[in-house]
Amino acid sequence: VFTFILKFQHDHKVSLPMEQVIVAMQDPDLGIKMKNQRLLITVIPHAMTGNDIVEWLMKKYSIMEEEALHVGDLLVRHGYIYPLKEPRNLVLRPDESPYRFQTPYFWSSQQWPASELDYAIYLTKKNIRKQGQLIDYEKENYNLLHKRINHTWDFVVMQAKEQLRASKQRRKADRIVLECQEQAYWLINRPPPGAFDIREHGPERRNRLTSRVQLVRLHSFIIHQKKIHDRTFIKYSEQYFSHDPMMHGCPPSNPWITDDITHWALNTNTVSTPTKLRVERWSFRFMELLSDPLGRLKFMEYLEKEFSAENLCFWEACEDIRHGENSRIPQKVQEVYKQFLAPGASKWVNVDSKTMEKTLEGLRRPNRFVMDDAQMHIYFLMKKDSYPRYLKSDLYKNLLVKAIAPQETKRSVFPFMRRHRHSSPNPALVAQALEEDGKAKRLGSPRITSPATSP
Amino acid sequence: MLEHLERMVLLAGERRQHECKTMLDALNRVTACYRHLVITLGSTSDSQNLREELRKTRKKAQELAAANRTKLTALLKDKSISKEDRSEYERLWVLFTSSMELLDVDMKRSLEIGQDFPLQVPTRHLIQTGMSGSTTTVAARAMSVQNMKYEADSNIDTADLKELEAEIAQVVQMMEEMEMKVQVAPWAVEAKQEAGAELKSTVSVVRLQGDNPKHTSCCCCFGSFSGGWEWWCACRDSSVLGRGCDRG
């Protein structure tokens with residue numbers, strides 16, 4: 001499942017409803033009704049009880065108490081709401097226990113992971129305030145950080161002191177809130193040993209709040225926190241399900257488990273007959289086809305028949321510029337221009353005038369991205385035109401028919417039986433032995449064993 | 001005669017270092033204040049005033065960043081300085097880049113949060129975080145003034161965001177240039193202060209329980225602020241502008 005999510009997140013934007021819920025709770029008419037918190041002589045506004053939260057969730061989303069409790073608990077564990085009594089106990093109690101909302105700056109986000117520098121500054125501030133009395137794991141972390149980012153430790157101390165001075169400018173109530181906010185943030189992002197760590201269990205996060213996604217039933221987002229009411233994602237994961245090595249295995253067997261490398265041998269870039277799964281994947285998305293060297297090769301065969309192979313050649317040449325060595329860029333760019341873009345070029349590609357103008361302008365100062373616009377134009381040309389026809393072509397259909405679909409080997413009956421592990425030969429030694437062989441053959445003399453090759 | 005010249009050179013070097021440190025202290029202070037302001041964004045304490053404070057603090061930070069960068073780059077390029085001086089400037093360089101790191105992230109976050117929580121909408125959805133006071137004194141501290149003056153239009157929240165985007169790009173570019181032009185290996189720098197050095201300070205920093213505004217020792221009486229920058233006493237009873245605090 002994790003592979004889906006990573007791949008999906010790469011391609012699409014995943015929305016996060018928890019922030020939507022928090023914002024809904026702020027509504028002046030329909031949100032949660034806040035109370036004041038009294039600390040001796042200081043009064044701090046905007047407190048609510050665990051009960052308030054649960055009841056509001058039940059009412060707003062028409063869900064049962066159990067679900068509401070679960071959702072509320074998620075909100076606390078991910079740091080959107082923090083408890084005021086027992087701050088280290090990050091759970092939602094459905095009673096009169098007080099809670100407060102966390103400020104947006106301290107909402108945990110994958111885009112803004114908690115940095116070591118910030119943590120060091122926080123611990124130093126705490127060290128000052130508690131006059132050296134840090135808790136065990138915090139003391140450990142402090143010492144670790146002092147070693148790890150020692151080069152900037154002076155800054156850590158400087159900044160910690162200044163941040164403390166700045167907070168003295170606030171009124172006392174605000175200072176207390178600030179301290180609680182910071183503490184809550186770090187309890188989530190650097191949890192004490194043994195506590196729930198969202199870095200391992202957290203849902204996929206997104207960056208912006210402005211999505212228009214409407215929550216119909218909270219139920220679905222609790223259970224499927226990672227893949228929700230987004231139809232594209234569900235389709236995507238269904239499509240890739242049988243291709244995921246973790247969910248569906250890798251035929252004939254997983255080399256890491258059985259020591260049988262057939263799976264890899266069948267899927268190299270130079271294999272003559274690709275596997276069925278691999279050929280299928282080429283039909284999922286154009287990028288899937290292009291990122292497989294064998295896919296490109298077969299696609300090129302098709303394009304040659306259609307007399308439009310220069311498009312793919314151009315695309316590949318642009319990729320080479322983008323990912324190749326800096327020093328060779330000007331030379332490569334010139335070659336590409338001569339071969340594909342110049343008037344009367346042997347492999348002329350059809351780029352629109354606006355893009356051509358822009359590209360020619362960029363050629364004066366070639367860099368690795370100068371061909372991007374033209375490459376994109378040709379990419380879309382192929383995607384809209386050649387690619388769909390390729391998938392319908394006889395060439396592709398033949399590939400599917402001829403493709404190998406290896407049988408899954410039977411697993412051992414007793415899964416707990418120990419496999420005999422044997423180490424493979426040291427690749428460095430193998431390479432050396434081959435070299436020696438080569439030398440001996442050339443010199444016509446018997447093989448000389450060096451001390452390194454003897455066992 | 002030679003001795004005299006040598007002394008002059010030494011003093012000049014010391015003064016240069018001192019100026020550098022002072023400028024870095026100023027940048028450090030503004031960075032800390034900016035952090036405070038950004039934390040308030042999106043909460044019920046957010047206001048047009050806060051947005052203006054953010055903008056002014058940010059501009060100040062940029063001025064100081066540019067000044068620091070120019071000075072330090074020039075010093076690090078100078079081949080004539082001694083080895084000890086050079087390692088000190090490298091240490092200062094690392095302090096400078098760390099400050100810029102924080103500022104860069106905070107600027108980006110203030111853009112994001114500022115956009116996510118607009119102020120000029122029929123229903124604001126600011127988060128009720130429990131903060132109720134203003135941040136005007138924090139901003140004033142950053143600007144080294146006694147009181148903040150609010151001069152911006154009432155639509156600064158939206159107007160400023162565009163500027164902010166451009167400024168972030170500038171900062172990013174500056175940091176990239178810095179990395180390329182200045183050859184300092186950060187891992188080679190050793191901190192001057194040991195773990196727990198902050199506890200040995202002669203200054204007693206505020207404790208939250210039993211906080212008495214009339215407490216005896218003042219946070220502003222701190223050695224590094226001897227460079228002629230204005231600063232003011234944190235004791236809330238009086239704002240004393242000057243080099244010393246009577247309550248110290």
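The values are calculated or read from the model by the stated rules, or taken from the named source; none is laboratory data. Keep in mind that this is a model prediction, so the values were computed, not measured. With ideal geometry, Cβ positions are generated from the backbone for all residues, glycine too; neighbour counts draw on all protein chains shown. Surface accessibility is based on the protein's heavy atoms, side chains included, excluding ligands, DNA and RNA. Shrake-Rupley method; radii C 1.70, N 1.55, O 1.52, S 1.80 Å.
Consider only pairs whose beta carbons are under 8 Å apart and that are at least six residues apart or on different chains; among these, list those whose first residue lies in the stretch A:52-64 and is within 18 Å of A:Lys35 (Cα to Cα) and whose second residue is of a type in the set (Lys, Arg) and open to solvent by 90 Å² or more (accessible area, probe 1.4 Å).
So the pair list comes out as A:Asp52/A:Lys33.
Please verify whether A:Leu429 is at pLDDT 90 or above and open to solvent by less than 80 Å² (accessible area, probe 1.4 Å), treating the condition exactly as stated. So that I can check it myself, show each step before the final result.
Working: at pLDDT 90 or above: no; open to solvent by less than 80 Å² (accessible area, probe 1.4 Å): yes.
Judged against the criteria, A:Leu429 is not a match.
Before we move on, is A:Leu297 open to solvent by less than 20 Å² (accessible area, probe 1.4 Å) and either aliphatic (A, V, I, L, M) or touching a strand residue (DSSP E or B) at 6+ places or on another chain (Cβ under 8 Å) (or both)?
No.
When you scan the stretch B:11-21, do you find a residue that is under 30 Å from B:Glu112 (Cα atoms), in contact with a helix residue (DSSP H, G or I) (Cβ under 9 Å, 6 or more places away or on another chain) and within 14 Å of another protein chain (Cβ to nearest Cβ), even just one?
The first filter runs over the stretch B:11-21 and keeps only residues under 30 Å from B:Glu112 (Cα atoms), leaving none.
There is no residue in the stretch B:11-21 that is under 30 Å from B:Glu112 (Cα atoms), in contact with a helix residue (DSSP H, G or I) (Cβ under 9 Å, 6 or more places away or on another chain) and within 14 Å of another protein chain (Cβ to nearest Cβ).
Going through the stretch A:143-158 one residue at a time, which ones are of a type outside the set (D, E, K, R), assigned to a helix (DSSP H, G or I) and more than 7 Å from chain B (Cβ to nearest Cβ)?
Passing the criteria: A:Leu144, A:Leu145, A:Val156.
Quick check on the stretch B:83-124: of everything there that is in contact (Cβ under 8 Å) with a residue 40 or more places away in the chain and hydroxyl-bearing (Ser, Thr, Tyr), which residue is farthest from the other protein chains (Cβ to nearest Cβ)?
Residue satisfying both the conditions and the ranking: B:Tyr89.
Of everything in the stretch A:162-182 that's of a type in the set (A, V, I, L, M, F, W, C) and in contact (Cβ under 8 Å) with a residue 24 or more places away in the chain, which residue is farthest from the other protein chains (Cβ to nearest Cβ)?
Applying the first criterion (of a type in the set (A, V, I, L, M, F, W, C)) to the stretch A:162-182 yields A:164, A:166, A:173, A:176-178, A:180.
With in contact (Cβ under 8 Å) with a residue 24 or more places away in the chain added as a condition, the list becomes A:164, A:173, A:176-177, A:180.
Details: A:Leu164: 5, A:Ala173: 7, A:Ile176: 7, A:Val177: 4, A:Cys180: 8 Å.
Ranking the qualifying residues of the stretch A:162-182, first place goes to A:Cys180.
Taking only pairs six or more apart or across chains, which ones have beta-carbon atoms under 6 Å, a first residue in the stretch A:20-34 that is at the interface with chain B (Cβ under 9 Å from one of its Cβ atoms), and a second residue that is acidic (Asp, Glu) and open to solvent by 10 Å² or more (accessible area, probe 1.4 Å)?
These pairs meet every condition: A:Ile32/A:Asp52.
Listed here are the residues, each with its yes/no results for (1) more than 7 Å from chain B (Cβ to nearest Cβ); (2) assigned to a helix (DSSP H, G or I); (3) without any contact (Cβ under 8 Å) to a residue 60 or more places away in the chain.
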{"site": "A:Arg100", "(1), (2), (3)": "no, no, no"}
{"site": "A:Ile121", "(1), (2), (3)": "yes, yes, yes"}
{"site": "A:Lys139", "(1), (2), (3)": "yes, yes, yes"}
{"site": "A:Ala160", "(1), (2), (3)": "no, yes, yes"}
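Only residues in the stretch A:360-378 that are in a helix (DSSP H, G or I) count as the first member; pair them with residues that are surrounded by fewer than 20 Cβ atoms within 10 Å (Cβ to Cβ), Cβ under 7 angstrom, at least 6 apart or cross-chain, and list the lot.
Listed pairs, sorted by first residue: A:Leu363/A:Tyr337; A:Asp373/A:Thr355; A:Asp373/A:Lys358; A:Ala374/A:Thr355; A:His377/A:Asp352; A:His377/A:Thr355.
When you go through (1) without any contact (Cβ under 8 Å) to a residue 12 or more places away in the chain; (2) open to solvent by 50 Å² or more (accessible area, probe 1.4 Å); (3) touching a Phe, Trp or Tyr at 6+ places or on another chain (Cβ under 7 Å) one by one for A:Gln331, which number turns out not to apply?
The single condition A:Gln331 does not satisfy is (3).
From the list A:Lys139, A:Lys130, A:Lys147, A:Lys172, pick out the single residue that is of a type in the set (D, E, K, R), in contact with a strand residue (DSSP E or B) (Cβ under 9 Å, 6 or more places away or on another chain) and surrounded by fewer than 19 Cβ atoms within 10 Å (Cβ to Cβ).
Selected residue: A:Lys172, the only one of A:Lys139, A:Lys130, A:Lys147, A:Lys172 that is of a type in the set (D, E, K, R), in contact with a strand residue (DSSP E or B) (Cβ under 9 Å, 6 or more places away or on another chain) and surrounded by fewer than 19 Cβ atoms within 10 Å (Cβ to Cβ).
Does B:Met174 satisfy being more than 9 Å from every other protein chain (Cβ to nearest Cβ), touching a residue at least 24 places away in the same chain (Cβ under 8 Å) and either under 21 Å from B:Arg69 (Cβ atoms) or not in a loop (DSSP other than H, G, I, E, B) (or both)?
On the way: more than 9 Å from every other protein chain (Cβ to nearest Cβ): yes; touching a residue at least 24 places away in the same chain (Cβ under 8 Å): yes; either under 21 Å from B:Arg69 (Cβ atoms) or not in a loop (DSSP other than H, G, I, E, B) (or both): yes.
For B:Met174, the condition - more than 9 Å from every other protein chain (Cβ to nearest Cβ), touching a residue at least 24 places away in the same chain (Cβ under 8 Å) and either under 21 Å from B:Arg69 (Cβ atoms) or not in a loop (DSSP other than H, G, I, E, B) (or both) - is met.
Could you say which residue among A:Phe369, A:Phe380 is modelled with pLDDT of 90 or more and either among the charged types (D, E, K, R) or exposed (fewer than 15 other Cβ atoms within 10 Å of the Cβ) (or both)? Don't jump to the end; show me each part of the working.
Values: A:Phe369 fails: modelled with pLDDT of 90 or more.
Matching residue, one of A:Phe369, A:Phe380: A:Phe380.
Going by the structure shown, is A:Pro87 farther than 20 Å from B:Leu102 by Cβ, in contact (Cβ under 8 Å) with a residue 60 or more places away in the chain and surrounded by fewer than 18 Cβ atoms within 10 Å (Cβ to Cβ)? Walk me through how you get there before you give the answer.
On the way: farther than 20 Å from B:Leu102 by Cβ: yes; in contact (Cβ under 8 Å) with a residue 60 or more places away in the chain: yes; surrounded by fewer than 18 Cβ atoms within 10 Å (Cβ to Cβ): yes.
It is true that A:Pro87 is farther than 20 Å from B:Leu102 by Cβ, in contact (Cβ under 8 Å) with a residue 60 or more places away in the chain and surrounded by fewer than 18 Cβ atoms within 10 Å (Cβ to Cβ).
Take B:Leu72 and decide whether it is open to solvent by less than 10 Å² (accessible area, probe 1.4 Å), more than 12 Å from every other protein chain (Cβ to nearest Cβ) and more than 23 Å from A:Leu164 (Cβ to Cβ). Give the steps one after another, and end with the answer.
On the way: open to solvent by less than 10 Å² (accessible area, probe 1.4 Å): yes; more than 12 Å from every other protein chain (Cβ to nearest Cβ): yes; more than 23 Å from A:Leu164 (Cβ to Cβ): yes.
Considered against the rule, which asks whether it is open to solvent by less than 10 Å² (accessible area, probe 1.4 Å), more than 12 Å from every other protein chain (Cβ to nearest Cβ) and more than 23 Å from A:Leu164 (Cβ to Cβ), B:Leu72 comes out as yes.
Confirm whether B:Asp153 is open to solvent by 60 Å² or more (accessible area, probe 1.4 Å), out of contact with any Phe, Trp or Tyr (no Cβ under 7 Å at 6 or more places or on another chain) and modelled with pLDDT under 80. Spell out the reasoning first.
Working: open to solvent by 60 Å² or more (accessible area, probe 1.4 Å): yes; out of contact with any Phe, Trp or Tyr (no Cβ under 7 Å at 6 or more places or on another chain): yes; modelled with pLDDT under 80: no.
No.
I need a count of the residues in the stretch A:249-279 that are aliphatic (A, V, I, L, M) and closer than 20 Å to A:Asn398 by Cβ. Before you say what the answer is, go through the steps one by one.
If we filter the stretch A:249-279 for residues that are aliphatic (A, V, I, L, M), which is where we start, we get A:257, A:261, A:265-266, A:271, A:277, A:279.
Still in the running and closer than 20 Å to A:Asn398 by Cβ: A:266, A:271, A:277, A:279.
Looking only at that region, the number is 4.
Determine which single condition B:Glu194 fails, assuming it passes every other condition in (1) within 14 Å of chain A (Cβ to nearest Cβ); (2) open to solvent by 70 Å² or more (accessible area, probe 1.4 Å); (3) modelled with pLDDT under 50.
Result: B:Glu194 passes all but (3).
Which of (1) in contact (Cβ under 8 Å) with a residue 12 or more places away in the chain; (2) facing chain B (nearest Cβ under 10 Å); (3) assigned to a loop (DSSP other than H, G, I, E, B) is the odd one out, the single condition A:Trp112 does not satisfy?
Of everything listed in (1) in contact (Cβ under 8 Å) with a residue 12 or more places away in the chain; (2) facing chain B (nearest Cβ under 10 Å); (3) assigned to a loop (DSSP other than H, G, I, E, B), A:Trp112 misses just condition (1).
Considering only residues that are facing chain A (nearest Cβ under 9 Å) and open to solvent by 10 Å² or more (accessible area, probe 1.4 Å), which ones fall in the stretch B:23-35?
Once the filter is applied, which keeps residues that are facing chain A (nearest Cβ under 9 Å) and open to solvent by 10 Å² or more (accessible area, probe 1.4 Å), the stretch B:23-35 yields B:Asp25, B:Arg35.
Which of (1) in contact with a helix residue (DSSP H, G or I) (Cβ under 7 Å, 6 or more places away or on another chain); (2) open to solvent by 50 Å² or more (accessible area, probe 1.4 Å) does A:Pro113 not meet, given it meets every other one?
With respect to (1) in contact with a helix residue (DSSP H, G or I) (Cβ under 7 Å, 6 or more places away or on another chain); (2) open to solvent by 50 Å² or more (accessible area, probe 1.4 Å), A:Pro113 is out only on (1).
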